[in-house]
Amino acid sequence: MAPTPPSRREEPEFEGDYRPADPTNAGAHLDAANIRVEPADVAYLMQLADALNTTLDLETLLRRTAELVSAVIPYRIFAILLLNDRTRELRMRFQIGHSPEVERQRIPMGQGVAGQVALTRQPVLLNDVSSSEDYLPANPDVRSELAVPLIAKNRLIGVMDIESEQAGYFGPEHLRLLTLTASRIAQAIENARLYARVSRQAQTLTVLNEIATELISILDLDPLLERVGQLLRRLIDYQMFTVLLLDEKGETLITRYAWRFGHAQPPERRLPVASGLVGVAVREWRLVNVPDVRHDARYLPMNPETRSELIVPLFHKGRIIGVLDLEHTRTGFFNEEHERMLTTLAAQVAIAIENARLYQEVRSQEQQLERDIAMAREVQLRLLPASAPEMANADMAVRFLPARTIGGDLYDFVDYGPGRTAIVLGDVSGKAAPAALFAALASGIMRSAAQQRPEPARMLALLNDALQERKLESQYVTMLFALWNDESRTLQVANSGAVQPVFCRQGQSATVQAEGFPLGLFPNVIYDELRVATEPGDAIVFVSDGILDAEDAQGEMYGHDRLAGLLCSQRDHSAQQIADTILADVTRFQGEQERFDDETIIVLKVR
């Protein structure tokens, strides 16, 4: 059984303060080898060993220790104080019987009974606290106190302290038992703290990974910074948080996000890098951690409640882009663990900020480009005829659908004098704006040359020579140039690599076999010219390769045969109806597939 604590009548000789002899050998008496173990202590030590060996949770360990000590030393007031190595202060980690005010106290080394025990590494037994200058009168009812140091591997980690409202309550036997306890739980506490630290670090790394993953997906700067503030609170319980970014000149820090006591604040602050603690972090390229800003002349009093401040610079590709600024109303709130966490997180935040900035820049450029393309489309559409001309013996119609906002197809109807109209259908290599610009160039040259009214083959030769003079690498034009004579109902056709026209007469289809090299590829090209005589009821369709090359979900092309069959089936309808039917059929054929090329259809129906 555990020994019964002696009563006051059994130990009347201890009425003053008690300290172990030989103080020059500080801490040596705490070694287990130097502590006398009575046979009755064995059961207690076994219970103590069980309590230490069955848990690595610090709270559980301290609670079980308090219960075991209570079994051999009945008490009403008990505390285990642990030392903060950075501040060299003792703080209650576990307590019974103390007021909340006392529990929150920080005890410097050498101050009070616990501080003296921590400083000297010697236990203290006070039979009458009023007779000691070391005692801090936190509880006016306390009369006696017993405190022993907690030492692990020759390093002080804290103090175990018991107080009584009865004078002379504690004796040497209590001191021996508490010293026995302290010598065995000190290392257990360190193990539990190490385990908690490792677990906390693993959890922190998990949270940091989650944060980094989430931040990468946010590409708008303001929502990103707001989310940074929210996620950071999972790691650090700050009270004020600000993100300041450097301007383009690197001379001013501009607040982009501010949070204060649970509420977002208007980002109004602009600070020159030459001033304030944030300026120090930028100028010196380092983290700044100030335990009490009231004692630092560099602090700019923006928030009067602030006591401690932690500032971490944001680095990206060898330059500072801004800082993360955390503040708290408690002095010395930010520790080395906070510094490590924030430094790790800052690297991810800097990348996310730069990604968001780049996205905004690209998005702004895209919006400008979209406006430019919209204007270019408007110009292109104005260059293209809105409708086909009216002829006495021919019904003509056109449909044009660009694959993108603007396209590389071009078509035109050129007046060649009374009863004569040139039908032009071309396709420029490439897509979008470059193709549209080259198409405008080819169209302008063609319109200029048309004033001389050259025959189709001659027109293609002139265009080819002109584009050779203005040659652009990898740019060329395929063009079909057909001259319709409305009086004789004849068609003169020359082709420079465009899709050959499809001809339908009395339900039978044929292809106008006109061929030639694309314009702009080779110099001094001679083009062939075919003459087609038509009859009333004939239908001819001119299409760009976007029609024949259109694909369905299985990758099958629309093709020549499908076009020819549809043309003949619709030959009794008007040219506009035929064009609309062909375009609708191509659209149905493609289904949900994206158009990858411009689609142009010109239909000539002989009256």
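Which of the numbered conditions does GLU251 fail, given that it passes all the others? Conditions: (1) surrounded by 13 or more Cβ atoms within 10 Å (Cβ to Cβ); (2) closer than 14 Å to VAL323 by Cα.
The number of the failed condition is (1).
So which of VAL379, VAL349 is in contact with a strand residue (DSSP E or B) (Cβ under 7 Å, 6 or more places away or on another chain) and not assigned by TED's automatic domain parsing to the domain that holds GLY419?
VAL349
Out of all the residues in segment 55-67, is one or more over 52 Å from the mean Cα position of the chain (by Cα), under 16 Å from LEU178 (Cβ atoms) and of a type outside the set (Ser, Thr, Tyr)?
No; the residues of segment 55-67 include none that is over 52 Å from the mean Cα position of the chain (by Cα), under 16 Å from LEU178 (Cβ atoms) and of a type outside the set (Ser, Thr, Tyr).
Would you mind finding the one in TRP259, TRP285 that is without any contact (Cβ under 8 Å) to a residue 60 or more places away in the chain, part of a strand (DSSP E or B) and within 27 Å of the chain's Cα centre (by Cα)?
Testing whether each residue is without any contact (Cβ under 8 Å) to a residue 60 or more places away in the chain, part of a strand (DSSP E or B) and within 27 Å of the chain's Cα centre (by Cα) leaves just TRP259.
Can GLY229 be described as in contact with a Pro (Cβ under 8 Å, 6 or more places away or on another chain), over 30 Å from ILE80 (Cβ atoms), assigned to a helix (DSSP H, G or I) and not β-branched (Val, Ile, Thr)?
Against the criterion (in contact with a Pro (Cβ under 8 Å, 6 or more places away or on another chain), over 30 Å from ILE80 (Cβ atoms), assigned to a helix (DSSP H, G or I) and not β-branched (Val, Ile, Thr)), GLY229 does not qualify.
Look through segment 108-152, keep the residues that are over 55 Å from the mean Cα position of the chain (by Cα) and of a type in the set (Gly, Ala, Ser), and return whichever of them is modelled with the highest pLDDT.
SER144
Could you please find all residues in segment 445-480 being loosely packed, with under 15 Cβ neighbours inside 10 Å, under 49 Å from the mean Cα position of the chain (by Cα) and either within 19 Å of LEU491 (Cα to Cα) or among the polar types (S, T, N, Q) (or both)?
The one that is loosely packed, with under 15 Cβ neighbours inside 10 Å, under 49 Å from the mean Cα position of the chain (by Cα) and either within 19 Å of LEU491 (Cα to Cα) or among the polar types (S, T, N, Q) (or both): SER474.
From the residues in segment 216-248 that are more than 20 Å from GLU339 (Cβ to Cβ) and among the aliphatic types (A, V, I, L, M), which one is surrounded by the fewest Cβ atoms within 10 Å (Cβ to Cβ)?
Ranking the candidates gives ILE216 first.
Give the residue, chosen from ASP528, ASP572, ASP561, that is part of a loop (DSSP other than H, G, I, E, B), of a type in the set (Asp, Glu) and over 24 Å from ALA388 (Cα atoms).
Residue meeting the stated conditions: ASP528.
Which numbered condition trips up ALA466, out of (1) at pLDDT below 95; (2) assigned to a loop (DSSP other than H, G, I, E, B)?
(2)
Scan segment 81-90 for residues that are under 39 Å from the mean Cα position of the chain (by Cα) and basic (Lys, Arg) and report the count.
1
Being under 16 Å from the mean Cα position of the chain (by Cα) and not hydrophobic (A, V, I, L, M, F, W, C) is the filter here, so list the residues in segment 307-360 that pass it.
Matches in segment 307-360: HIS316, THR344, GLN348, GLU354, ASN355, ARG357, TYR359, GLN360.
Cβ-Cβ distance below 8 Å, separation of 6 or more or different chains: which pairs start in segment 368-389 with a residue that is more than 20 Å from ASP427 (Cβ to Cβ) and end on one that is among the β-branched types (Val, Ile, Thr) and not in a helix (DSSP H, G or I)?
Hits for this filter: GLU370/THR405; ALA374/THR405; SER387/VAL398; PRO389/THR421.
Working carefully through the options ARG319, ARG371, find the one that is more than 25 Å from GLN230 (Cβ to Cβ), in the same structural domain as ARG234 (by TED's automatic domain parsing) and loosely packed, with under 13 Cβ neighbours inside 10 Å.
Answer to the selection: ARG319.
Across segment 551-576, what is the number of residues that are of a type outside the set (A, V, I, L, M) and in contact (Cβ under 8 Å) with a residue 40 or more places away in the chain?
Number of matching residues: 8.
Please go through segment 326-347 and pick out each residue that is among the charged types (D, E, K, R) and surrounded by 17 or more Cβ atoms within 10 Å (Cβ to Cβ).
Of everything in segment 326-347, just one residue is among the charged types (D, E, K, R) and surrounded by 17 or more Cβ atoms within 10 Å (Cβ to Cβ), namely GLU327.
Could you tell me how many of the residues in segment 546-580 are within 23 Å of THR534 (Cα to Cα), under 52 Å from the mean Cα position of the chain (by Cα) and buried (at least 18 other Cβ atoms within 10 Å of the Cβ)?
Summing the residues that are within 23 Å of THR534 (Cα to Cα), under 52 Å from the mean Cα position of the chain (by Cα) and buried (at least 18 other Cβ atoms within 10 Å of the Cβ) in segment 546-580 gives 3.
Search segment 133-150 for residues that are of a type in the set (D, E, K, R) and pair each with any residue that is part of a loop (DSSP other than H, G, I, E, B) when their beta-carbon atoms are under 6 Å apart and the residues are at least 6 apart or on different chains.
ASP141/GLU165; ARG143/GLU165; ARG143/GLN166; ARG143/ALA167
The values are calculated or read from the model by the stated rules, or taken from the named source; none is laboratory data. A quick note: this is a predicted structure, and the numbers were derived from the prediction, not measured. Cβ sites come from the backbone with ideal geometry, for glycine too, and all protein chains shown count toward neighbours.
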